[in-house]
Ligand SMILES: C[S@@+](CC[C@H](N)C(=O)[O-])C[C@H]1O[C@@H](n2cnc3c(N)ncnc32)[C@H](O)[C@@H]1O
């Protein structure tokens, strides 16, 4: 099971704003592999600093058709080289075996190089004030749907354990919660809602009610994110 990320959301991201722990580590000359690059907005920022970045993504429809990008799945990616830094931002949340992905990322990192992962714990997202009941119902279905597909709703909290299992050392973790960009959840209800309905976790009536509810909601949502860095 896969889903396609929203191009507009991905294109609006920048290295400095949306992967700032990585940005602080970059120097000219470092080679960087960006796993789950989507449309490449963050990867281009990396390349601008280091001069050597490769972005890979398993969704062919998103991967830019230009040098520095490749359609590939991290689980079986064999580039024939290693990198100073291997990173994944908001990617492992969509992989049902994140340990396997992290092990592969570690294997592609030069000895002494860094693995940098930024990801969510969707169960710890908080709405202020409470989101409308119709949307809370949708969000509960979203979490159940994700769990059904093996996607960890507390992934960010489990990253250090995954890093330790991968044999990574000198672990450094930071909390990087952020406010959801306006329009994120109306867009998610539109794009993911029909898939969640199709998979039997929500009725179409409840999906339509959630779209109306979250469309009119004027509060804020804090997304629970953490970055973990480890040395290979
Ligand atoms: C939410 S997007 C994040 C894109 C970008 N890193 C960012 O932070 O804006 C997650 C991306 O990971 C990709 N992805 C998921 N599993 C993958 C895998 N096994 N190998 C490569 N890419 C994967 C998806 O196709 C999607 O484009």
>> Restricting to Cα pairs below 8 Å that are 6+ residues apart, what does the relative contact order work out to for segment 1-158? Please round to a whole percent.
In response: 19
> What is the gain in length, in nm to one decimal, between residue 99 and residue 203 on full extension, counting 0.36 nm per residue of separation less the C-alpha to C-alpha distance?
Replying inline: 34.1 nm
> Angle between the Cα long axis of helix 133-148 and the longest principal axis of the chain, 0 to 90 degrees, nearest 10?
Replying inline: 40
>> Can you give me the angle between helix 98-107 and the longest principal axis of the chain, using Cα atoms only, in degrees from 0 to 90, rounded to the nearest 10?
In response: 20
> Can you give the three extents of the C-alpha atoms in segment 7-231 along their principal axes, from longest to shortest, in whole Å?
Replying inline: 52, 35, 29
> In deg cm²/dmol and to the nearest 500, what is the mean residue ellipticity at 222 nm of the chain if only DSSP H runs of at least 4 residues count, each as -39500 (n - 2.57), divided by the residue total?
Replying inline: -11000 deg cm²/dmol
> By DSSP, what percent of the beta bridges with both residues in the chain are antiparallel, rounded to the nearest 5?
Replying inline: 50
> Using alpha carbon coordinates only, what is the Rg to Rh ratio of segment 95-203, with Rh defined as the Kirkwood radius?
Replying inline: 1.04
>> Given R₀ = 35 Å, what would the calculated FRET efficiency be for residue 65 paired with residue 16, taking r from the Cβ atoms and rounding to 0.05?
In response: 0.85
> What is the distance, in nm, between label points placed 7 Å from the Cα along the Cα-to-Cβ direction at residue 75 and at residue 107?
Replying inline: 1.4
> So how tilted is helix 41-50 from the main axis of the chain? Cα-based, degrees 0 to 90, rounded to 10.
Replying inline: 20
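Throughout, read-outs are computed from the coordinates displayed, never taken from laboratory work. In this text, all values refer to a predicted model and were calculated from it rather than measured experimentally. Neighbour counts run over all protein chains shown; Cβ positions are idealised from the backbone, glycine included.
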